[in-house]
Amino acid sequence: MSQRVNPELKEDLLKYGVKDWNDCFHCGTCTATCNLTDESFAFPRKEIKYLQMGLKNKVAQSVEPWLCYYCGDCSEQCLREAEPGELMMSLRRYLMSLYDWTGISGLFYRNKLVYILSFFIVGIAIMLVAFSTKYDINEWKSTFEFGHLLEQLFVAGVALFIILPSVFRMYWFAIVKDKTIKVSFIAYITSLWELFLHSVTQKNILKCSNSTFTWFRHWIVAVSYIVMLVMVVVFDWFQFADGSGAGAIIGQIIAYLVFGLLTIFSGIMIIKRISKKEEQYKFSELSDWFFPIWLFLLALTATLSFLTRQLGIVNVAQLIFILHIIIIAQWALLIVPFTKWAHILYRPFGIYFACLKKSSKPVK
Ligand code: SF4
Ligand code: SF4
């Protein structure tokens, strides 16, 4: 099938943080260096070829950017300093903007001012809602009930209206629009194991060089985040602060553990971005900063409001909790569906779709 050449693709992609890929002279060192490539998925060189030829459809159908964990091995080896690792990162941003039906993701990546303003708008909106609902902001129990209700609404709304359609659109671009392959029904079922395995373990990071701590950090953050999500959605987790039974004590231990780990590890991510010593932290787009900073603030405000509530300093707990809800709202409505967080979701699906492509039959 012929692929449409898009001369504007280069201009489009530059807005997503990509460097000029014409520095690349196709030596293939990056692909040879990458431990995550194989004969079916020869990235990052193949992606650079698509970009140089302006093959927008090929880029849209590719799952390779999701197979890359941005270890930076390829960038270190590139003689032309073409930064292939950062190019894969930029392609992930670009693909996310294609998957997002609202167009907000692309808008945030292309226009930093809009991105920053949206944080102010969400923050002000939450404060207006907080002070105008039937909930009495001066009565501490209603403040926490109000916050818990908002948390549940954010999670359910974003999952239903943004995340699920985005994953479907990813499938649409990667599999349905790729007319060169035919995927059998049985492959959809048997490859589900890979989706589960990589969602839970992120084990492919371990194939990159010197990656054990990176893997450990990713894994701890992902597990802590999932536990936090379950506590927020399923339980009114702040109720644990008041109880004294066995259930409440277990809840308190889990809350401190999870929020403590998220605070420490998001703090490490911020320090690494500031130091720029590692290849994957050399280039930071605005959303790359917002992700660890908001995760850090989210975990820190949760810990402090929980602690102050337990200590009976209710007024302080209430104030920190309102700040926490503003941060959660910005996190859940802006960062999770439209920027960096969505990688956590798309990556295992990228691996799943790669398995489908590998097991497919070519269409003649
Ligand atoms: S990005 Fe660098 S290492 Fe990769 S093919 Fe181009 S020049 Fe070679
Ligand atoms: S950054 Fe690492 S995982 Fe990504 S393409 Fe380069 S070598 Fe492979």
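The values are calculated or read from the model by the stated rules, or taken from the named source; none is laboratory data. The structure displayed is predicted, hence computed values, not measured ones. Reconstructed Cβ throughout: ideal geometry from the backbone, glycine too, with neighbour counts over all protein chains shown. With ligands, DNA and RNA removed, areas are computed over all heavy atoms of the protein, side chains included. Shrake-Rupley method; radii C 1.70, N 1.55, O 1.52, S 1.80 Å.
Quick rundown of the values:
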{"item": "When residues of segment 24-34 are limited to those that are part of a loop (DSSP other than H, G, I, E, B) and surrounded by 15 or more Cβ atoms within 10 Å (Cβ to Cβ), the one nearest to ligand 2 (Cβ to nearest atom)", "result": "CYS34"}
{"item": "Conditions (1) under 25 Å from ARG169 (Cα atoms); (2) away from ligand 2 (no atom under 14 Å from the Cβ); (3) open to solvent by less than 50 Å² (accessible area, probe 1.4 Å): number failed by ASN57", "result": "(3)"}
{"item": "Segment 40-54: number of residues that are assigned to a loop (DSSP other than H, G, I, E, B) and more than 15 Å from ligand 2 (Cβ to nearest atom)", "result": "1"}
{"item": "In segment 355-364, residue farthest from TRP215 (Cα to Cα) [restricted to those that are part of a helix (DSSP H, G or I) and open to solvent by 10 Å² or more (accessible area, probe 1.4 Å)]", "result": "SER359"}
{"item": "Selection count where residues are open to solvent by less than 30 Å² (accessible area, probe 1.4 Å) and polar (S, T, N, Q), scope segment 309-341", "result": "3"}
{"item": "Scan of segment 83-115 for residues that are part of a loop (DSSP other than H, G, I, E, B) and either open to solvent by less than 10 Å² (accessible area, probe 1.4 Å) or farther than 30 Å from PHE213 by Cα (or both), ordered by number", "result": "ASP100, TRP101, THR102, GLY103, ASN111"}
{"item": "Enumeration of residues in segment 191-230 that are touching a residue at least 24 places away in the same chain (Cβ under 8 Å), open to solvent by less than 40 Å² (accessible area, probe 1.4 Å) and not polar (S, T, N, Q)", "result": "LEU195, HIS198, ILE205, CYS208, ARG217, ILE220, VAL221, ALA222, TYR225, MET228"}
{"item": "Single residue of segment 257-295 satisfying the filter (open to solvent by 60 Å² or more (accessible area, probe 1.4 Å), free of Cβ contacts under 8 Å to residues at least 60 places away in the same chain and within 28 Å of VAL122 (Cβ to Cβ)) that is nearest to the chain's Cα centre (by Cα)", "result": "TRP289"}
{"item": "Checklist (1) among the hydrophobic types (A, V, I, L, M, F, W, C); (2) part of a helix (DSSP H, G or I); (3) closer than 19 Å to ILE175 by Cβ; (4) away from ligand 1 (no atom under 16 Å from the Cβ) applied to PHE120, failing item", "result": "(3)"}
